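Got a structure for you, written out below as structure tokens; questions coming shortly.
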Amino acid sequence: MAQARQEDNATDAPPEALRAEGIVKRFGALTALSGVDLHLRKGEVLGLIGDNGAGKSTLIKTITGFHRPDEGQMYVDGEPVSLRSVAQARALGIETVFQDLALISELSVYHNMFLNSELTLKPFPLLDNRKMKERTKQYIDDMGVNIPSIDTQVGRLSGGQRQAIAVARSVYSNAKILLLDEPLAAMGAKEGAMILDLVQKLKNEGQVSIILIAHNYSHVFEVCDRVNLLQHGRISYDKPTSESSVEELTELVVAEYRKARTTS
Amino acid sequence: MAKQAVGGDVGASESARSSPGLGSRVAELLLRQREASIFFVAIALAVYFQSSNSAFLSSGNIRSLSEFTYATAIISGGLVMLLICGEIDLSVGQAYGFAPIAMYLADQTLVLPVAVIVGLLATAVIGLINGVATVYLRVPSFIATLGMFFFLGGVNVILTDGFPKTAPSGSFLTEILGGADWSGIAWCLLIVLLMHILLNRTRWGLHTFATGGNPVGASEAGVKTAKIKVGNFMLCSALGGFAGVLDALRIGSIDPLAGGPNIMFFAVSAAVIGGTALAGGTGTIIGAFLGTVVLSIMQNGFSLQGVSAYTFNVILGIAILTAMTLNVYVGSLRRSGRV
């Protein structure tokens, strides 16, 4: 099945959700990104791995409109775009779940779910809590995530539950391209499995294309279709996960460490 | 074997949870509903003072209680919005003094309704300056509004040449705006109700909580935290000004030295006693109102008993420290998920 789709993509021009060509980003004397070429097919889950300082967070922030690239061109759905703000990226359907999750601990699950896109009543613009609760409950059921109560303050939930809420919020705000910034960082095996299941579910539904930024290679191989390795501000490796392996990636990174040691 | 032990454990905690005594249920209510605890304190104090002096709940004394309460309660409502944002306005007591003066000066050339609006707009501009200094110039609000506190204190005296002015009176408008008996507390209750709705049932209120609870996360989610903060500075200052206008028209005199630090510190105390944390992210308008009621009852009750103002200050200090300690303790209980 996956094989068939890949062949299909190889013959036809594959529909691309996102493409970045020659993205360069400098901060003063520091060149964080030195010509990143990256593409994301529709419905695909792309694993992006790289060492600390390789430029992962700069790349995410550039794709989401937080930074403006100094050089290079981005395309969304094949159309050239130059993103000026996070709001503009969001309007194009690019959503990010940052590591800090952008959740408000003091607020309830459903208020977090609708933060900044709250439903209100008419004619007086009071919060329509009833409708927000109903929808939140439905979203959470759809995603198959176990949250004790949507009235609970988010601060009382576990890391995995919080992550799931942040992902659900992005997905249901009509994200077409979802960037997950190390969603499994500092998470136990059980919680991590819940998030990987969630990504798998989204992949099966095929509505969103996902870039999963990860530290742990085995997570990438569990859910991703393709893996990109970011080294020294450029993509140095791009293969379908079916043709790659944890060993090969580990060897690449170890080689880099070896090189760093001999040159220093 | 192991499974049995686990099962037994669950059963034990289950039964402990399902059969709480009345005492622990009341304790839980007090911890969950911040307003409830301060409400019971107010009732207990009223019962105590009434039993020690039957004049306490006479209609005359209730009116003077209401006059003690309304201006401070209006100001503390505005402060709650700012405290939830994680900011403070130390100059709000001077805005209380400034609005009637601006109104008085405008009244020399304009009609009174316009003059009242000028007074309120002038204080909103003060709030705008406080907000811009805090949000865009990144001066901590404690410092920015401390500067505004001294600045306005001086301006108030300069604009009046240091002499109290006779407030406009005798019109329908002056009667409504503090002149008539009970009009002040009526405004206060209306404002508390509207502010409570604003804080708990509107996007503005939700974004105020978000701004204080997680500033970075809120802005990542697209909440315009700068706008929220500046708006709440303006609201707080304008409410301070409105309280000042009500008091000036009730008393019939515009005093260049009115307000200042005293009413501001009372309002902050009321907010804190009512369950608003200075760290931001939490707070209630009704709690602040009840906090003001408690302070007024104590002040009024102790003076009926002939207790001196110094003793009152000692008790107020203890009350604030106790309330804050409880706040911190209850907060940590909440975070650990035990309540």
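The values are calculated or read from the model by the stated rules, or taken from the named source; none is laboratory data. Being a predicted model, the structure only gives us computed values, none of them experimental. With ideal geometry, Cβ positions are generated from the backbone for all residues, glycine too; neighbour counts draw on all protein chains shown. Just so you know, the surface numbers come from the protein's heavy atoms only, side chains and all, with ligands and any DNA or RNA stripped out. Shrake-Rupley method; radii C 1.70, N 1.55, O 1.52, S 1.80 Å.
Which residue out of A:V45, A:V36, A:V24, A:V76 is over 28 Å from A:V253 (Cα atoms), open to solvent by less than 20 Å² (accessible area, probe 1.4 Å) and among the β-branched types (V, I, T)? First the steps, then the outcome.
Numbers: A:V45 fails: over 28 Å from A:V253 (Cα atoms); A:V36 fails: over 28 Å from A:V253 (Cα atoms); A:V24 fails: over 28 Å from A:V253 (Cα atoms).
Going through A:V45, A:V36, A:V24, A:V76 in turn, the sole match is A:V76.
Specify the residue that is farthest from the other protein chains (Cβ to nearest Cβ); the eligible residues are those in the stretch A:148-161 that are under 22 Å from the mean Cα position of the chain (by Cα) and surrounded by fewer than 22 Cβ atoms within 10 Å (Cβ to Cβ).
Of the stretch A:148-161, the ones under 22 Å from the mean Cα position of the chain (by Cα) are A:154, A:157-161.
Then keep just the ones that are surrounded by fewer than 22 Cβ atoms within 10 Å (Cβ to Cβ); that gives A:157-161.
Details: A:L157: 10, A:S158: 10, A:G159: 14, A:G160: 16, A:Q161: 13 Å.
Per the stated criteria, the residue is A:G160.
In the stretch A:93-121, how many residues are at the interface with chain B (Cβ under 9 Å from one of its Cβ atoms) and at positive phi?
Looking only at that region, the number is 3.
Residue under question is B:V157, and the condition is that it be within 19 Å of A:L127 (Cα to Cα), more than 14 Å from chain A (Cβ to nearest Cβ) and among the aliphatic types (A, V, I, L, M); does it hold?
On the way: within 19 Å of A:L127 (Cα to Cα): no; more than 14 Å from chain A (Cβ to nearest Cβ): yes; among the aliphatic types (A, V, I, L, M): yes.
No; evaluated as a whole, the condition is false for this residue.
Within the stretch B:150-178, can you find the residues that are assigned to a helix (DSSP H, G or I), of a type outside the set (G, A, S) and surrounded by fewer than 14 Cβ atoms within 10 Å (Cβ to Cβ)? Steps first, please.
Narrowing the stretch B:150-178 to residues assigned to a helix (DSSP H, G or I): B:150-160, B:172-178.
Those still in the list that are of a type outside the set (G, A, S) too: B:150-152, B:155-160, B:172-177.
Residues satisfying the conditions are B:F150, B:I158, B:F172.
Let me confirm something: among A:G47, A:G22, which residue is within 15 Å of the chain's Cα centre (by Cα), under 25 Å from A:H232 (Cα atoms) and either free of Cβ contacts under 8 Å to residues at least 40 places away in the same chain or part of a strand (DSSP E or B) (or both)? Let's see the steps before the verdict.
Numbers: A:G22 fails: within 15 Å of the chain's Cα centre (by Cα).
Selected residue: A:G47, the only one of A:G47, A:G22 that is within 15 Å of the chain's Cα centre (by Cα), under 25 Å from A:H232 (Cα atoms) and either free of Cβ contacts under 8 Å to residues at least 40 places away in the same chain or part of a strand (DSSP E or B) (or both).
Residue by residue through the stretch B:246-262, note down the ones that are within 17 Å of the chain's Cα centre (by Cα) and closer than 20 Å to B:W182 by Cβ.
Hits for the stretch B:246-262 are B:L246, B:D247.
Then there is this: Examine the stretch A:124-133 for a residue that is among the aromatic types (F, W, Y) and free of Cβ contacts under 8 Å to residues at least 40 places away in the same chain, and state whether such a residue exists. Spell out how you get there, then give the answer.
Taking the stretch A:124-133 first, the residues among the aromatic types (F, W, Y) are A:124.
This time we only want the ones that are free of Cβ contacts under 8 Å to residues at least 40 places away in the same chain, so: A:124.
Yes, the stretch A:124-133 contains a residue that is among the aromatic types (F, W, Y) and free of Cβ contacts under 8 Å to residues at least 40 places away in the same chain.
Next question. Can you tell me which residue within the stretch B:224-263, out of those that are more than 28 Å from B:V114 (Cβ to Cβ) and among the aliphatic types (A, V, I, L, M), is least open to solvent (accessible area, probe 1.4 Å)?
Per the criteria, the residue is B:I228.
Please find, among B:G179, B:G154, B:G170, B:G162, the residue that is over 20 Å from B:P113 (Cα atoms), modelled with pLDDT under 95 and not β-branched (V, I, T). Break it down into steps so the answer makes sense when it comes.
Numbers: B:G179 fails: over 20 Å from B:P113 (Cα atoms); B:G154 fails: modelled with pLDDT under 95; B:G170 fails: over 20 Å from B:P113 (Cα atoms).
Just one listed residue meets the conditions, B:G162.
Can you find a residue in the stretch B:122-143 that is in contact with a Leu (Cβ under 8 Å, 6 or more places away or on another chain), within 14 Å of chain A (Cβ to nearest Cβ), open to solvent by 80 Å² or more (accessible area, probe 1.4 Å) and part of a helix (DSSP H, G or I)?
no
Also: Would you kindly identify the strands (runs of 3 or more DSSP E) lying entirely within the stretch A:150-264 that contain at least 1 residues that are without any contact (Cβ under 8 Å) to a residue 24 or more places away in the chain? Spell out the reasoning first.
Values: elements: A:177-181, A:209-214, A:226-231, A:234-240.
Correct list: A:234-240.
Quick one: would you say A:V167 is within 12 Å of another protein chain (Cβ to nearest Cβ) and within 24 Å of B:T225 (Cβ to Cβ)? Before you say what the answer is, go through the steps one by one.
Numbers: within 12 Å of another protein chain (Cβ to nearest Cβ): no; within 24 Å of B:T225 (Cβ to Cβ): yes.
Against the criterion (within 12 Å of another protein chain (Cβ to nearest Cβ) and within 24 Å of B:T225 (Cβ to Cβ)), A:V167 does not qualify.
Inspect the stretch A:34-55 for any residue being touching a Pro at 6+ places or on another chain (Cβ under 6 Å) and farther than 17 Å from A:N228 by Cα and give the result as yes or no.
Kept after step one, since they are touching a Pro at 6+ places or on another chain (Cβ under 6 Å), are these residues of the stretch A:34-55: A:41-42.
Among the residues that remain, those that are also farther than 17 Å from A:N228 by Cα are: none.
No: the stretch A:34-55 contains no residue that is touching a Pro at 6+ places or on another chain (Cβ under 6 Å) and farther than 17 Å from A:N228 by Cα.
Something else now. Right, A:A189: open to solvent by 40 Å² or more (accessible area, probe 1.4 Å), out of contact with any Leu (no Cβ under 7 Å at 6 or more places or on another chain), under 30 Å from A:E16 (Cα atoms) and modelled with pLDDT under 85 or not? Quick ask: steps written out before the conclusion?
Details: open to solvent by 40 Å² or more (accessible area, probe 1.4 Å): yes; out of contact with any Leu (no Cβ under 7 Å at 6 or more places or on another chain): yes; under 30 Å from A:E16 (Cα atoms): no; modelled with pLDDT under 85: yes.
Judged against the criteria, A:A189 is not a match.
Right, next: For the stretch A:70-149, please list each of the helices (runs of 4 or more DSSP H) lying entirely inside it that holds at least 2 residues being polar (S, T, N, Q). Explain how you work it out, then say what you get.
On the way: elements: A:86-91, A:109-113, A:129-143.
Hits in the stretch A:70-149: A:129-143.
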